[in-house]
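Note sheet for the following structure.
Since every read-out is calculated from the coordinates, none of them should be taken as a lab result. What you are looking at is a predicted structure, and each value in this text was computed from that prediction instead of being measured. Cβ placement follows ideal geometry from the backbone for every residue including glycine, while neighbour counts extend to all protein chains displayed.
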Amino acid sequence: MYDMNEVIGSHDVLLVTLDTLRYDVAAELAAAGETPTLASLLPGGRWERRHTPGSFTYAAHTAMLAGFLPTPASPGPHPRLFAGAFPGSETTGTGTWTFDAADLPTGLASAGYHTVCVGGVGFFNKRTPLGSALPSLFAESHWEPGFGVTDPASLPNQLDRIADVMARLPADRRLFLLLNVASLHQPNWFYLDGGTRAHGDTRASHASALRHVDAHIGRLFDLMRRPCFVIVCSDHGTAYGEDGHTGHRIGHEVVWTVPYGEFVLS
């Protein structure tokens, strides 16, 4: 575990949520060499198997932005990287950075960070009070239809916006950036060669969406300043017919088990 008390203040922080990415698909593609960009950065070239704090985007992100990142899928306790200050926490260790606020963006802002959110799925669209709740935690937030689930170029579009953010970021100001990637979320049939709307979304199209993400996400890491502490993970998985289930917001293994990785760009 990193000592986050040494990281905060000396590093930028990047949280990338690959919305809806299943652990089994991510692990299979990494092992097969089909996601070389991510594998080159993940420790040992592998995803860590973890359990999400929520079975759908809003619940999971609300928890993660309070410091409750996906938990290692092994007996604990597991000290957390970030934690709001409250008595009796059994997962606040000596390497945990604690903040006196209800959420991580506010805590990091108090530590001098500029906080930015570039959203993807509907819970970041700022079109409704609910769609504004997560973005409102940040000093600066961005969403437009081209970042959303229906645009096959959503990730490249988001990266264009991040390039603009990075170009005007003061050199002496630390950054906390959340990027919510919508590509894995349904609909994803358009990432599969020969896929049509009539075919619908499948585990195979989900995998193709991850290959697409891997082909573009290297630009994100190139845009980041050094040093940068990076967390890349899924917020939850999704079902494609397992045990009769489709989608998420259910208590199924393919929903609760997510890929996780953390590393430093230096």
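Some points to look at:
- Dipole of region 114-172, positive end: most advanced residue of 118, 146, 132 [Cβ charges, Cα centre]: 132
- Measuring max minus min along each principal axis, the C-alpha atoms of region 97-144 give extents of 31, 17, 13 Å (largest first).
- Charge tally in the Cβ shell below 15 Å around residue 104, where Lys, Arg are +1 and Asp, Glu are -1, residue 104 excluded: -3
- Across all directions, the average projected area of the convex hull around the alpha carbons of region 99-225 is 8.7 nm².
- Length-normalised contact order for the chain - Cα pairs under 8 Å, 6+ apart - percent: 31
- Mean Cβ count within 10 Å, highest first, over the residues of peptides 192-198, 19-25: 19-25, 192-198
- Stokes-Einstein D in µm²/s, Kirkwood radius over Cα pairs - region 122-181 at 4 °C with 1.567 mPa s viscosity: 104
- Under the criterion of Cα pairs below 8 Å and six or more residues apart, the relative contact order for region 141-227 equals 29 percent.
- Span per principal axis, largest first, for the Cα atoms of the chain (Å): 50, 43, 39
- Candidates 79, 43, 87, ranked by Gaussian network fluctuation over the chain, Cα under 10 Å, top entry: 87
- This model, with +1 at the C-beta of Lys and Arg and -1 at the C-beta of Asp and Glu, gives region 1-156 a dipole about its Cα centre of some 240 debye.
- Summarised in one figure, the compactness ratio Rg/Rh of region 1-123, Cα atoms and Kirkwood Rh, is 0.96.
- Largest GNM mean-square fluctuation among 28, 90, 48, using the chain with Cα springs under 10 Å: 90.
- Largest mean-square fluctuation among 110, 205, 74, in a Gaussian network model of the chain whose springs join Cα atoms under 10 Å apart, belongs to 74.
- Normalised by 2.2 N^0.38 Å, where N counts its residues, the alpha-carbon radius of gyration of region 182-266 equals 1.28.
- Radius 12 Å from Cβ of residue 260, net charge of other residues (Lys, Arg +1; Asp, Glu -1): 0
- Coordinate range along principal axes, alpha carbons of region 1-51, Å, largest first: 37, 21, 17
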